[in-house]
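Engineer: Got a structure for you, written out below as structure tokens; questions coming shortly.
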Amino acid sequence: MNESIMHKEILMIPESLKLTKEYNKEKIVEFCKVFKEKDIKNVMIAARGSSDNVGVYLKYLFEIYLHIPVSFASCSVITKYSSYLNFDKTLVIGISQSGSGEDIFEFLNMAKNHNALTLAITNNTESIVAKVSEYHFYLNLTKELGLAATKTFISQMYICLLLVNELLENKDLTGAINSLDELTKKVIANEENIKEVAKKCVEFNDCYLLSRGLNYVSSLEGALKIQETTYIKAKAYASSDFYHGPMAIVDEKQNLFLLNALGKVSDDNHVLYEKLLELNPNIIVISNDPYFENAKSLIKIPYCEEVISPFLIIITIQLLACNLSIYRGIDVDHPRNLKKVTVTR
């Protein structure tokens, strides 16, 4: 039985979603009124680590559903080069689980002083990032004790989804949002299958995680989780980028994860999969797409709307990494060289 803190916190995710939604539903409505009044035309994200990956999901949501361009802050422009930016009609979002990042704080402070609307997403109401921002979405979760971000990461993504849905005039995402509770429980209930696949990964020295579109966040966050909990060298690629050079490394010794949900980019992932099969690597597929039904190593996720599939794929990888670390004899709650809160400037 997995008794790690990380595992216990993964099991908290369905309840965490409820806590996050309940605390923030009125705050999101209030914020969206201001967003529209200020006629926001651009969004910039300041974040590090897992929170930076949340920003990738937010970028896809804003650009697909709201048609608003999203970019990522280079905090050193402020903290090291002492410059500034003009932020007319721009929302700057600081995403940080702990809210302790000095560079994120300084970027938000600069942005607020140069006409930006500022928003923080943290799990700490007393943090510097929360306090410097005009608006704050609090995850409303008990302090995350596991080193790897699990429940907080998922709730950060959830906040982004709730925000975009509120900004939509017709609330297109409501049905998908309402299905998440049951779907996350189904993923967790599939842990025995996930464990069997994890056992096949015990001898991995490296691996690549491939996806595209909304699930690019799944590759990025999945690679980070595997790196920090199992010490396996993992790298994420958009499947569309993998053709541009990295394909040369593929042979029968290469380990690959293909992350795919039935949706707009499935056809691209089908083509990539067929090309990879010709090179005979070890491919593990995580998907709800019937196309991959005969894959040698397959972890199925429940059928869902593509927009919420990253939640299901990432929870699957969290469970895989958590169990894989144990199979490899690693203390998942105290991996080497790492601290829970990393402060950069």
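Engineer: Select, from Lys171, Lys112, Lys185, the only residue that is closer than 21 Å to Lys41 by Cβ, touching a helix residue (DSSP H, G or I) at 6+ places or on another chain (Cβ under 8 Å), of a type in the set (Lys, Arg) and open to solvent by 10 Å² or more (accessible area, probe 1.4 Å). So that I can check it myself, show each step before the final result.
Structural biologist: Values: Lys171 fails: closer than 21 Å to Lys41 by Cβ; Lys185 fails: closer than 21 Å to Lys41 by Cβ.
None of the others qualify; the one that does is Lys112.
Engineer: Looking at this structure, is Ile121 in contact with a helix residue (DSSP H, G or I) (Cβ under 6 Å, 6 or more places away or on another chain), within 22 Å of Met157 (Cβ to Cβ) and either acidic (Asp, Glu) or touching a residue at least 60 places away in the same chain (Cβ under 8 Å) (or both)? If you could, list the steps in order and put the result at the bottom.
Structural biologist: Details: in contact with a helix residue (DSSP H, G or I) (Cβ under 6 Å, 6 or more places away or on another chain): yes; within 22 Å of Met157 (Cβ to Cβ): yes; either acidic (Asp, Glu) or touching a residue at least 60 places away in the same chain (Cβ under 8 Å) (or both): yes.
Yes; evaluated as a whole, the condition is true for this residue.
Engineer: Here are Ser100, Ser50: which of them is part of a helix (DSSP H, G or I) and crowded, with 16+ Cβ neighbours inside 10 Å? It would help to see each step written out before you state the result.
Structural biologist: Values: Ser100 fails: part of a helix (DSSP H, G or I).
After applying the criteria, what remains is Ser50.
Engineer: Same structure, new question: In this structure, does Ile177 turn out to be open to solvent by less than 40 Å² (accessible area, probe 1.4 Å), farther than 21 Å from Ile64 by Cα, at pLDDT 95 or above and not acidic (Asp, Glu)? Can you show your working first?
Structural biologist: Working: open to solvent by less than 40 Å² (accessible area, probe 1.4 Å): yes; farther than 21 Å from Ile64 by Cα: no; at pLDDT 95 or above: yes; not acidic (Asp, Glu): yes.
Taking the combined requirement at face value, the residue does not satisfy it.
Engineer: Looking at segment 145-202, which of its residues are free of Cβ contacts under 8 Å to residues at least 12 places away in the same chain, polar (S, T, N, Q) and not in a helix (DSSP H, G or I)?
Structural biologist: Taking segment 145-202 and keeping what is free of Cβ contacts under 8 Å to residues at least 12 places away in the same chain, we get 169-171, 174, 178, 182, 189, 192, 196.
Narrowing further to those that are polar (S, T, N, Q): 170, 174, 178.
Selection gives Asn170 alone.
Engineer: Checking the structure you have, find out if any residue of segment 66-77 is more than 29 Å from Gly222 (Cβ to Cβ) and modelled with pLDDT under 95. Even if it seems obvious, please write down each step before you answer.
Structural biologist: Here is the first cut: in segment 66-77, the residues more than 29 Å from Gly222 (Cβ to Cβ) are 77.
Those still in the list that are modelled with pLDDT under 95 too: 77.
Scanning segment 66-77 turns up at least one residue that is more than 29 Å from Gly222 (Cβ to Cβ) and modelled with pLDDT under 95.
Engineer: To continue, here is another question. Give me the pairs: first residue in segment 209-225 and closer than 22 Å to Val250 by Cβ, second residue basic (Lys, Arg) and open to solvent by 10 Å² or more (accessible area, probe 1.4 Å), beta-carbon distance under 8 Å, and six or more apart or on different chains, which are they?
Structural biologist: Leu209/Lys235; Gly213/Lys264; Ala223/Lys235
The values are calculated or read from the model by the stated rules, or taken from the named source; none is laboratory data. What you see is a predicted model, and the numbers here were worked out from it, not measured in a lab. Ideal geometry is used to build each Cβ from the backbone, glycine not excepted, and the neighbour counts take in all protein chains shown. Quick note on the areas: whole protein, heavy atoms, side chains included, nothing else; ligands and nucleic acids left out. Shrake-Rupley method; radii C 1.70, N 1.55, O 1.52, S 1.80 Å.
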